[in-house]
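Take a look at the structure below.
The values are calculated or read from the model by the stated rules, or taken from the named source; none is laboratory data. A quick note: this is a predicted structure, and the numbers were derived from the prediction, not measured. Using ideal geometry, Cβ is built from the backbone for each residue, glycine included, and neighbour counts are taken over all protein chains shown.
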Amino acid sequence: MKRLNFTFLVLMACVLGYIGTQVTNEYYIGVATLLLIHAVNATALNILLGYTGIISIGQAAFFGLGAYVAAVLSTNYGINPLLTMPIAAAAAFVLAYMVGSPILKLHGNYLAMATLGMGMILYIFMNEMDFITGGPSGFVGIGDIIIGKFDLADEKSFFVFMSIIFMVFLLVCELFDKSFLHNKLKFIKNSESACRSYGITPARTKVMVFASMAALTAFNGAIFTFYTHFISPVSFSFKYSVELLAMATVGGLGYITGGVIGAVLLGLVPEIFSAFEEYEMIIYGGLLAVVIMFLPGGIAGTLKRLVKRNA
Amino acid sequence: MQFLYSGLTSGSIYGLVALGFNIIYNTTGLINFAQGEFVMLGGMLIYSLFCVFEVPFYTALPLTLLGCFIIGVLYERVFINLARYKTEINLVTLTIAASIIMRDVAMHIWGRDSLRVDDYIPVVNVQMPGGVISSQSILIIAVSMLVAWGLNMFLKKSKYGKAMRACFDDQTAAETCGINVRSVRIMSFAVSSAMAGIAGVIISPITFVTYDDGIMIGLKGFAAAILGGLGNFWAAVAGGLLLGIFESFSASVIPSGYKDAMAFFVILLILFLKPDGLFGRKKATRV
């Protein structure tokens, strides 16, 4: 067994602790919270693409599904926000299972198209079903998460909540990265035929991974809902799926650190350069292409190689 | 009947796009995500040449196709050929990246508005049994059938076509027989993007052309290809026509906002029931 990447975990904990205790500017804390949300999504996609070799470009749709399920259930039906999160995750799990199980048995490439289609369709539904979702103008009046006597209404308390969730998530991911499960997934990525001859059913495993990651993304979407208190279909369009793809790839496919690095880097750039917005998609597409063509390990992979060479 | 006519019109476009998917899938085993973007590009180029620079149509059309052809070659050279690690998943991700880049470059060149391309032929409504069909629709159906037939002849009769078909069957064997597989790959990208260009040219007077048309049309072309079964040319055309008819009939039942969702349900349904497509044959997988 390999050892856990303690340096990374401790570093992340320190950074989060620093932001939580020292930074007082509400805006910066808000940006940090959003970055954490992006990081969770990017890592989920990284596990799909980097570990198992499943391309999904409908992650934004699962994210949006989670957000809408949580918003509708908590606002219209008065269900406790904390309870809506697992429901949202379950909904996404079922949807992903239904979409994934016929497709993943076949050619893996089909899934990219199918998830693209699913993303577009869910986006259409969010816009058209305005009697439930509020349509293009968005869904308003979403409440707060209340845990015991803490009401997570202000930026700071929500940041603390998100940091705790994020650290738990990261720890689980690190454990996964060192587990035998991760070897199984990488085995599937490298050769499905070899897997089959060792008694692994690639299709079933892939569907489970795909559905679990969809559920995770939807859970995260539910958190996002209670953070922003306002959601509209624009946040869950094809563009966000592409951003996630770029984050996971640039950060480094197949490394847990990769998703986090990519999300922080690509998430911060638009905040720093405001002129960036205009050419955003070209830059994302270009980065995606260049990293895949020349640096398949992304930033995390390159760093790791450099460290190994010098050690 | 009216639905049948409008279904055939959009269906023949889907058929052309599906043919493009087929060509690339057969030579490289890839689903080319940028297929729809080439349709958009065809429409955009003809708009610039024909409507902005007012080049005569018979000059503008070959120039547009040549443009798509060249961009197709460049696309293969830059994105597919340069990739250092040519695993399938990397290449598919690259085509996604390429489609994003193409779409956004198009947005910066041509703007976000829908562009109207002038009609190529005078618009007349022809009375047909059970409905009317416009001359434009007839043109679209005729041109796409002609292109499908031409492609078929090209593949069956010409030297390059035969080389391409050899590569579809077995790349290693084709290479042993002295066929340059590399140039066949380039050729297949170029031909399929030129075909997408034709689709873009003939459809843009009716639907107009917007920079983000490519996603939806690519998706529907893919649905048509799956419906017919990847790897079979006439099946792709038939799949396109079926999808078009299905879509226009469903538009009469469900609200039109959901019309685009039909293509996706078709994909799922077909994959559930008959994964090799309606007319597809089962292909043995090799390890």
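For the stretch B:101-110, state whether one or more residues are in contact with a strand residue (DSSP E or B) (Cβ under 9 Å, 6 or more places away or on another chain), surrounded by fewer than 23 Cβ atoms within 10 Å (Cβ to Cβ) and away from chain A (no Cβ under 11 Å). So far as the stretch B:101-110 goes, yes, one or more of its residues are in contact with a strand residue (DSSP E or B) (Cβ under 9 Å, 6 or more places away or on another chain), surrounded by fewer than 23 Cβ atoms within 10 Å (Cβ to Cβ) and away from chain A (no Cβ under 11 Å). How many residues, within the stretch A:205-250, are of a type in the set (Gly, Ala, Ser), under 14 Å from the mean Cα position of the chain (by Cα) and away from chain B (no Cβ under 14 Å)? Adding up the residues that qualify gives 8. A:Ile57 passes every criterion in (1) crowded, with 23+ Cβ neighbours inside 10 Å; (2) of a type in the set (A, V, I, L, M, F, W, C); (3) assigned to a helix (DSSP H, G or I) apart from (3). For the residues A:Leu170, A:Leu116, A:Leu181, the requirement of being more than 9 Å from every other protein chain (Cβ to nearest Cβ), within 20 Å of the chain's Cα centre (by Cα) and more than 30 Å from A:Gly17 (Cα to Cα) singles out A:Leu181. Scanning the stretch B:71-90 for residues that are at the interface with chain A (Cβ under 9 Å from one of its Cβ atoms), among the hydrophobic types (A, V, I, L, M, F, W, C) and out of contact with any helix residue (DSSP H, G or I) (no Cβ under 6 Å at 6 or more places or on another chain) yields a count of 2.
Given the condition among the aliphatic types (A, V, I, L, M) and over 26 Å from B:Asp212 (Cβ atoms), answer yes or no: does some residue in the stretch A:74-81 qualify?
So the first thing to find is which residues in the stretch A:74-81 are among the aliphatic types (A, V, I, L, M), and the list is A:79.
In the following step, the residues that additionally are over 26 Å from B:Asp212 (Cβ atoms) were identified as A:79.
Within the stretch A:74-81 (the criterion being among the aliphatic types (A, V, I, L, M) and over 26 Å from B:Asp212 (Cβ atoms)), the answer is yes, since at least one residue qualifies.
Of the numbered criteria (1) in a helix (DSSP H, G or I); (2) within 13 Å of another protein chain (Cβ to nearest Cβ); (3) surrounded by 14 or more Cβ atoms within 10 Å (Cβ to Cβ), the one B:Asn152 fails is (2).
Restricting A:Ser193, A:Ser235, A:Ser212 to those that are assigned to a helix (DSSP H, G or I), among the hydroxyl-bearing types (Ser, Thr, Tyr) and surrounded by fewer than 16 Cβ atoms within 10 Å (Cβ to Cβ) reduces the list to A:Ser193. For the stretch A:92-113, residues that are more than 19 Å from A:Ser237 (Cα to Cα), under 21 Å from the mean Cα position of the chain (by Cα) and of a type in the set (A, V, I, L, M, F, W, C) total 4.
Quick check, is B:Ser183 assigned to a helix (DSSP H, G or I), surrounded by 20 or more Cβ atoms within 10 Å (Cβ to Cβ), out of contact with any Phe, Trp or Tyr (no Cβ under 6 Å at 6 or more places or on another chain) and hydroxyl-bearing (Ser, Thr, Tyr)?
no
The condition of being in a helix (DSSP H, G or I), hydroxyl-bearing (Ser, Thr, Tyr) and over 30 Å from B:Thr93 (Cβ atoms) holds for only one of A:Thr84, A:Thr43, that being A:Thr84.
Only a single criterion out of (1) surrounded by 14 or more Cβ atoms within 10 Å (Cβ to Cβ); (2) under 29 Å from B:Met44 (Cα atoms); (3) at pLDDT below 90 is not satisfied by B:Ser193, namely (3).
Listed residues B:Gly229, B:Gly197, B:Gly214; which is within 14 Å of another protein chain (Cβ to nearest Cβ) and either closer than 29 Å to B:Gly111 by Cβ or among the basic types (Lys, Arg) (or both)? Steps first, please.
Working: B:Gly229 fails: either closer than 29 Å to B:Gly111 by Cβ or among the basic types (Lys, Arg) (or both); B:Gly197 fails: within 14 Å of another protein chain (Cβ to nearest Cβ).
Result: B:Gly214 is the single residue among B:Gly229, B:Gly197, B:Gly214 that is within 14 Å of another protein chain (Cβ to nearest Cβ) and either closer than 29 Å to B:Gly111 by Cβ or among the basic types (Lys, Arg) (or both).
Each row is one residue, and each column tells you yes or no for (1) among the hydrophobic types (A, V, I, L, M, F, W, C); (2) within 21 Å of B:Arg84 (Cβ to Cβ); (3) modelled with pLDDT of 90 or more.
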{"position": "A:Leu253", "(1), (2), (3)": "yes, yes, no"}
{"position": "A:Gly258", "(1), (2), (3)": "no, yes, no"}
{"position": "A:Pro270", "(1), (2), (3)": "no, no, no"}
{"position": "A:Ser274", "(1), (2), (3)": "no, no, no"}
{"position": "A:Glu280", "(1), (2), (3)": "no, no, no"}
{"position": "A:Leu287", "(1), (2), (3)": "yes, yes, no"}
{"position": "A:Leu295", "(1), (2), (3)": "yes, yes, no"}
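Close Cβ contacts (under 8 Å, 6 or more residues apart or on different chains) running from residues in the stretch A:249-262 that are on the phi > 0 side of the Ramachandran plot to residues that are in a loop (DSSP other than H, G, I, E, B) comprise A:Gly252/A:Gly297; A:Gly254/A:Gly297. In summary, helices (runs of 4 or more DSSP H) completely within the stretch B:1-75 and bearing 1 or more residues that are surrounded by fewer than 20 Cβ atoms within 10 Å (Cβ to Cβ) occur at B:2-28, B:57-75. The set of residues from the stretch A:282-311 being part of a helix (DSSP H, G or I), within 8 Å of another protein chain (Cβ to nearest Cβ) and out of contact with any Lys or Arg (no Cβ under 7 Å at 6 or more places or on another chain) comprises A:Ile282, A:Tyr284, A:Gly285, A:Gly286, A:Leu288, A:Ala289, A:Ile292.
Hey, does the stretch B:6-29 have a residue that's without any contact (Cβ under 8 Å) to a residue 60 or more places away in the chain, among the aromatic types (Phe, Trp, Tyr) and farther than 30 Å from B:Ile133 by Cα? No: zero hits. Of the residues making up the stretch A:120-136, at least one is more than 14 Å from chain B (Cβ to nearest Cβ), closer than 30 Å to B:Gly218 by Cβ and crowded, with 16+ Cβ neighbours inside 10 Å. So B:Glu54 fits all but one of (1) closer than 18 Å to B:Thr27 by Cα; (2) more than 7 Å from chain A (Cβ to nearest Cβ); what number is the exception? Of (1) closer than 18 Å to B:Thr27 by Cα; (2) more than 7 Å from chain A (Cβ to nearest Cβ), only one is false for B:Glu54: (1).
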